[in-house]
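Notes for the one structure printed next.
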Amino acid sequence: MINEQQRALLKISPTMAEKLAKLNLKTEWDLVLHLPLRYEDETHLTPMADMRIGEQCMVAGEVIHQEVIIRNRRQLVVQLKGDGSHILFLRFIHFYPSQQKQLEVGKKVHVVGEIRSGFWGMEMIHPKVYDAQKKSLSETLTPIYPTVSGLNQSTLRRIIGSALEQIDLQDSLPETIINKLNLPSFADAVRLLHAPPPEYSQAQLNNGSFPAWQRLKFDELLAQQLSMQLARKMRVASSAIPLSGDGSLCNQLLNQLPFSLTPAQEKCYREIKNDMSQSHPMHRLLQGDVGSGKTIVATLSGLIALEAGFQVAMMAPTEILAEQHYNKLLQWLNPLNIPVVHLSGSLKKKEKEQIKQAISNGEARFIVGTHALFQDDVVFENLGLAIVDEQHRFGVAQRLALKNKGQSIHQLMMSATPIPRTLAMSFFADLDVSVIDSLPPNRSPITTRLINSVRRNEVERYVRKIVEDGRQAYWVCPLIEESETLQLKTATETFNTLQQTFPELSVGLVHGRMKPIEKAEVMNQFVSGRLSILVATTVIEVGVDVPNAALMVIEHAERMGLSQLHQLRGRIGRGGGKSTCVLMFAEPLSEIAKARLKIIYENTDGFEIARQDLNLRGPGEFLGSRQSGVPLLRFANLQEDLHLLESARNCAAQMIRENSKYIQTHLMRWLPHREEYLSV
Ligand code: ADP
Ligand code: MG
């Protein structure tokens, strides 16, 4: 909330300050940067002869008639006479006695509102009314701000107005940069946008290329770049223990694998190895499409830490995925005599305690789990490397918890969601990226088919055929965002229906509400081939690896996001032979749903899908902002303002190089409470 000193200065009562806090206005700078949604023009009067339907204007006139009538409902109707014989009707469906008084016959008033075509002629509904004697015309356009109930426009205007007056709006950009980019000064830009002179039109003021907007967007992007680049600088300056080993464990694992690494995997492994040998913490993202083989690269990286005598933690976003990693690691690392543990949510309290103890006394060396691994009560003996799978699925709080386990820990993140270039340059600027850009050999191409759900019979026949061929199938239930209970019901119903449809086949069910141990049991049955069909909610989206699964049916694919569909589809095509993904949809389809299905049907490249997804939905999805509260950009748009982003990046680098005195001023202004978040 706005502090006491500022409240006194700006004459804000404590209740008002609470209201402002609801709008996220917590510092005087937040007020300065709270910009209007639109403007009203009270700078001149429109003669009644020039009133146009649909236009917003201010009109002067004398009240010649006032009446409360009942037409469907009770309402106040007032006739206003302007110059000549022109009449304007004013209509109020909600009104107070004070308004009736203000509009008594004979009063001269100014009214502001939109002209509509009414029952008796031109009218305004609920206009703003001013006493013509008291009100002089405004000199600037009147800003209309986003607000909350209980905080009216005129109060907000007064508060913001006094913030603009009282606060030192000195520039936070070096003069050389302002000149080079030909931007208005900060003070000019905000004053103009809060109170534009009447010669500016709405269209100009709403256009992002308006110089004042360009200035604000630039400042916003600059703040982001500064905080990112400073975070990077701090990381590089902080120290971590260089981890390098003799290669003994890595070589043993490589020798024992049934495949050899692809050149892309080798390259990424080399990059990670090099990072880990540095004396500052690694912060690297291993990016690769679903099925590209990130797990083995991460495991090898873990072995480097083990060779150097340190522990490794691998964090997965779901219990199912943690279980899968655990099983894979047991298979790979048991022959090497490496103690692998899984701190699973399904363990009994006592077992958990035992595992935690093994983690803290160093008996456990390779530790797998969900974000529970980074709770306060888990103490590592000597953690050297933290691996975070599907990092975009974790919220900011969880990433912070990890960071708090030790600044000096090397971090390897993994993600199947490629980061488009603009995001890589902005939100992920403090992340080095390694890309596995080709899939392992012997991957069968996946055929995607779009099938209307009325043709469900055909799909069922196809499932039967796949199973007769000795393969397995996933059947994914529709996503029901509104209600988890409903989702569960749908999954159970689908499961029952499919059991009846395929009485001769073994069908399993896995959903998010099952206990981890039950989930793991069902997954194991599917992995080992005891189940032919696995009915699942979207819990299988991430990371599950069953090479024999050759078919995936997705019901109501139109409800799912693109990256989600792509992730799901990536669960098949992992063994030899042909694989098919059937996207069932139900009519009618919205335009956006059609666009999505078309993209997923036409593209198999995760990067291209992500790029198109970004276009359709904006960057929020990528950043997981809905769950995590990462502040998105308020003014700048990464698509449209790429040139500004590029200049901001260079400018930030220059300011940091020159140790500019403006850095702190600028960050305080733009990121007063958010700095910490931006650097995770
Ligand atoms: P993702 O990148 O989606 O996490 P995984 O690491 O689960 O992919 O790998 C998918 C499958 O490919 C696994 O069964 C894995 O063992 C296998 N795999 C990984 N690398 C190779 C390779 N170089 N050659 C053949 N198979 C591989
Ligand atoms: Mg994976």
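The values are calculated or read from the model by the stated rules, or taken from the named source; none is laboratory data. Note that the coordinates shown come from a computational prediction; the quantities given were computed from them, not determined experimentally. Neighbour counts are summed over all protein chains in view; Cβ atoms, including those assigned to glycine, are modelled from backbone coordinates with ideal geometry.
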Quick check on this structure: which one of 198, 242 is modelled with pLDDT under 90 and either away from ligand 1 (no atom under 16 Å from the Cβ) or not assigned by TED's automatic domain parsing to the domain that holds residue 338 (or both)?
198
Hey, among 389, 377, which residue is within 16 Å of ligand 2 (Cβ to nearest atom), of a type outside the set (Phe, Trp, Tyr) and at pLDDT below 90?
389
Report whether or not residue 530 is surrounded by fewer than 20 Cβ atoms within 10 Å (Cβ to Cβ), of a type in the set (Lys, Arg) and within 16 Å of ligand 2 (Cβ to nearest atom).
no
Assess whether residue 136 counts as being over 20 Å from residue 44 (Cβ atoms) and either part of a strand (DSSP E or B) or out of contact with any Phe, Trp or Tyr (no Cβ under 9 Å at 6 or more places or on another chain) (or both).
no
Could you check, for the range 288-311, whether at least one of its residues is within 16 Å of ligand 2 (Cβ to nearest atom), assigned to a strand (DSSP E or B) and of a type outside the set (Phe, Trp, Tyr)?
yes
Can you name the number of the only condition in (1) touching a strand residue (DSSP E or B) at 6+ places or on another chain (Cβ under 8 Å); (2) assigned to a loop (DSSP other than H, G, I, E, B) that residue 109 fails?
(2)
Can you find a residue in the range 227-236 that is assigned to a helix (DSSP H, G or I), free of Cβ contacts under 8 Å to residues at least 60 places away in the same chain, within 16 Å of ligand 1 (Cβ to nearest atom) and outside the structural domain of residue 170 (by TED's automatic domain parsing)?
no
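This table checks each residue for (1) modelled with pLDDT under 90; (2) closer than 18 Å to residue 635 by Cα.
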position: 163; (1), (2): no, no
position: 169; (1), (2): no, no
position: 172; (1), (2): no, yes
position: 187; (1), (2): no, yes
position: 193; (1), (2): no, yes
position: 203; (1), (2): yes, yes
position: 215; (1), (2): no, yes
Just one of (1) loosely packed, with under 12 Cβ neighbours inside 10 Å; (2) touching a residue at least 40 places away in the same chain (Cβ under 8 Å); (3) over 20 Å from residue 201 (Cα atoms) trips up residue 23, so point out which.
(1)
Going through 261, 285 one at a time, which residue ends up being within 16 Å of residue 297 (Cβ to Cβ), buried (at least 16 other Cβ atoms within 10 Å of the Cβ) and without any contact (Cβ under 8 Å) to a residue 40 or more places away in the chain?
261
Among the residues of the range 72-93, is there at least one that is surrounded by 13 or more Cβ atoms within 10 Å (Cβ to Cβ) and modelled with pLDDT under 90?
no
Name every residue in the range 549-593 that is basic (Lys, Arg) and either touching a helix residue (DSSP H, G or I) at 6+ places or on another chain (Cβ under 6 Å) or under 20 Å from residue 459 (Cβ atoms) (or both), in order of residue number.
559, 569, 571, 578
Would you call residue 267 more than 16 Å from ligand 2 (Cβ to nearest atom), of a type in the set (Lys, Arg) and surrounded by fewer than 22 Cβ atoms within 10 Å (Cβ to Cβ)?
yes
As an exercise: evaluate residue 397 against (1) away from ligand 1 (no atom under 16 Å from the Cβ); (2) at pLDDT 65 or above; (3) outside any loop (DSSP other than H, G, I, E, B) and give the number of the one condition it does not meet.
(2)
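Quick grid of which residues meet (1) touching a strand residue (DSSP E or B) at 6+ places or on another chain (Cβ under 9 Å); (2) surrounded by fewer than 21 Cβ atoms within 10 Å (Cβ to Cβ); (3) on the phi > 0 side of the Ramachandran plot:
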{"residue": "180", "(1), (2), (3)": "no, yes, no"}
{"residue": "189", "(1), (2), (3)": "no, no, no"}
{"residue": "200", "(1), (2), (3)": "yes, yes, no"}
{"residue": "203", "(1), (2), (3)": "no, yes, no"}
{"residue": "226", "(1), (2), (3)": "no, no, no"}
{"residue": "233", "(1), (2), (3)": "no, yes, no"}
{"residue": "237", "(1), (2), (3)": "no, yes, no"}
Being over 30 Å from residue 112 (Cα atoms) and in a loop (DSSP other than H, G, I, E, B) is the filter here; which residues of the range 1-31 pass it?
1, 2, 3, 26, 27
Residue 340 fails exactly one of (1) touching a Lys or Arg at 6+ places or on another chain (Cβ under 8 Å); (2) under 22 Å from residue 410 (Cα atoms); (3) touching a residue at least 60 places away in the same chain (Cβ under 8 Å), namely (3)
Does any residue in the range 528-544 that is within 25 Å of residue 415 (Cα to Cα) and within 13 Å of ligand 1 (Cβ to nearest atom) come within less than 6 Å, Cβ to Cβ, of a residue that is acidic (Asp, Glu) and at pLDDT below 95 six or more places away or on a different chain, and which pairs are these?
542/390
Would you please name the residue that is farthest from residue 260 (Cα to Cα), looking only at residues in the range 444-467 that are surrounded by fewer than 16 Cβ atoms within 10 Å (Cβ to Cβ) and within 16 Å of ligand 1 (Cβ to nearest atom)?
445
For a quick check of your reading: which helices (runs of 4 or more DSSP H) sit entirely within the range 547-621 and have at least 3 residues that are in contact (Cβ under 8 Å) with a residue 12 or more places away in the chain and in the same structural domain as residue 491 (by TED's automatic domain parsing)?
562-569, 591-602
Members of the range 482-541 found to be among the β-branched types (Val, Ile, Thr) and more than 25 Å from residue 564 (Cβ to Cβ), listed by number:
501, 517
Which listed residue, of 466, 451, is within 30 Å of residue 326 (Cα to Cα) and touching a residue at least 40 places away in the same chain (Cβ under 8 Å)
466
Within the range 114-127, does at least one residue satisfy the condition of being touching a Leu at 6+ places or on another chain (Cβ under 6 Å), in a strand (DSSP E or B) and farther than 19 Å from residue 16 by Cβ?
yes
Just need a number here: residues in the range 405-460 that are within 19 Å of residue 612 (Cβ to Cβ), assigned to a strand (DSSP E or B) and either among the small types (Gly, Ala, Ser) or within 16 Å of ligand 2 (Cβ to nearest atom) (or both).
2
Has the range 32-53 got at least one residue that is assigned to a strand (DSSP E or B) and of a type in the set (A, V, I, L, M, F, W, C)?
no
Can you name every residue in the range 273-302 that is within 16 Å of ligand 1 (Cβ to nearest atom) and more than 30 Å from residue 549 (Cα to Cα)?
284
